[in-house]
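The values are calculated or read from the model by the stated rules, or taken from the named source; none is laboratory data. Computed from a predicted structure; not experimentally measured. Here Cβ is always computed from backbone atoms with ideal geometry, including for glycine, and neighbour counts include all displayed protein chains.
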Amino acid sequence: MKITYYLEVISSWCHWAEPTWADLKRRYGNRMQFEWRIALMRMEDFPTSAAQMDWFYRRSGTMLQSPVMLNSGWYEEGRTNYDAPSLVAEAGRDLGVADDRIRLALAEAALLHGRKIARIEEAVAVAAKAGGVPARKLRARAESAAVRARAEASTAEFYSHQIGQRPAFVLEDGIGDKAVFSGLVRAAPLAATIEAMLADEAGYAGYAAHHGTPAPGGAPGPGGGASRGPAAPTTARLPPSNPPSPWTTPTSGPPEPRCRASASAR
């Protein structure tokens with residue numbers, strides 16, 4: 001079984017989800033695979049001012065009863081690209097750091113200390129120290145076409161699940177089942193689903209141990225239907241290729257945007 005975590009390094013909601021990610025790894029690390037992938041945010045996904053960002057930070061921090069308010073100091077008015085921290089985190093893989101160290105250090109530098117890690121030199125300085133890798137090599141990889149292509153490919157993969165909110169978790173087991181969570185940060189629903197999927201996998205293995213594999217042509221499923229397995233893809237209504245940003249200036253309390261880098265941003 002495998003769980004894939006789609007994230008944007010400077011998304012505050014991804015920051016809030018990190019305790020859940022760590023908890024799941026502690027509980028299920030020897031029973032399933034864990035992998036994180038970059039899901040870059042578009043510029044229209046970001047808030048339009050530090051004041052707006054602070055408003056969302058106050059709301060999400062209050063919702064999650066955080067003793068610390070996130071820091072909007074990393075935000076730069078007029079900046080047109082915030083990809084650097086995510087590209088630097090992705091580049092760390094090429095230097096042997098595929099775990100969480102680099103991306104967590106980058107997120108904390110921005111969201112807790114307000115460091116301007118959208119600047120490539122600042123992101124590299126933070127990441128090189130956290131990962132124990134040469135800064136010059138890390139920057140070269142972060143600015144390479146190969147790393148950019150990987151980040152864009154994993155972002156496209158994120159959208160292929162018909163979701164738009166980060167963090168996102170995709171759970172897949174060995175019998176063809178898949179569960180997708182988009183925007184949730186608490187462990188309970190993820191853990192309950194993991195337990196159910198692991199139990200189903202064990203059930204299939206137990207049945208096979210007693211009865212072998214199906215005869216040619218497959219075996220009838222519940223009610224005489226086809227056996228459960230990877231289902232043929234169904235036709236889904238696709239979202240607009242460039243949906244409008246949910247960021248709006250808060251008035252009486254709009255729904256929290258769930259895919260942004262701001263305080264409440266997912």
Check on Ala135, of a type in the set (A, V, I, L, M, F, W, C), closer than 25 Å to Asp23 by Cα and at pLDDT 95 or above: no
Which numbered condition Val185 fails, given (1) closer than 16 Å to Ser11 by Cα; (2) surrounded by fewer than 16 Cβ atoms within 10 Å (Cβ to Cβ): (2)
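Yes or no: Asp83 under 26 Å from Val180 (Cβ atoms), touching a Phe, Trp or Tyr at 6+ places or on another chain (Cβ under 9 Å) and among the acidic types (Asp, Glu)?
So Asp83 fails the test.
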Subset of segment 160-178 that is surrounded by 17 or more Cβ atoms within 10 Å (Cβ to Cβ) and in a strand (DSSP E or B) - its residue that is farthest from the chain's Cα centre (by Cα): Glu172
Output for segment 76-97, where each listed residue is within 18 Å of Ser12 (Cβ to Cβ) and touching a residue at least 40 places away in the same chain (Cβ under 8 Å): Glu76, Tyr82, Asp83, Ala84, Pro85, Ser86, Ala89
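Matching residues to (1) farther than 23 Å from Met69 by Cα; (2) touching a residue at least 12 places away in the same chain (Cβ under 8 Å):
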{"position": "Leu104", "(1), (2)": "no, yes"}
{"position": "Leu112", "(1), (2)": "no, yes"}
{"position": "Ala118", "(1), (2)": "no, yes"}
{"position": "Glu121", "(1), (2)": "yes, yes"}
{"position": "Ala125", "(1), (2)": "yes, no"}
{"position": "Lys129", "(1), (2)": "yes, yes"}
{"position": "Ala135", "(1), (2)": "yes, no"}
{"position": "Leu138", "(1), (2)": "yes, yes"}
{"position": "Arg141", "(1), (2)": "yes, yes"}
Any pair with Cβ under 8 angstrom, 6 or more apart, that starts in segment 49-63 at a residue that is in contact (Cβ under 8 Å) with a residue 12 or more places away in the chain and under 16 Å from Leu112 (Cα atoms) and ends at one that is small (Gly, Ala, Ser) and part of a helix (DSSP H, G or I): Ala50/Ser72; Met53/Ser72; Asp54/Ser72; Phe56/Ser12; Tyr57/Ser12; Tyr57/Ser72; Ser60/Ser12
Spans of helices (runs of 4 or more DSSP H) in segment 54-159 with at least 3 residues surrounded by fewer than 20 Cβ atoms within 10 Å (Cβ to Cβ) and not β-branched (Val, Ile, Thr): 101-111, 120-131, 135-142
Of all residues making up segment 27-74, the number that are farther than 18 Å from Val170 by Cα, under 18 Å from the mean Cα position of the chain (by Cα) and β-branched (Val, Ile, Thr): 0
Residue list for segment 167-177, restricted to those being among the charged types (D, E, K, R) and either touching a His at 6+ places or on another chain (Cβ under 8 Å) or under 16 Å from Phe34 (Cβ atoms) (or both): Glu172, Asp173
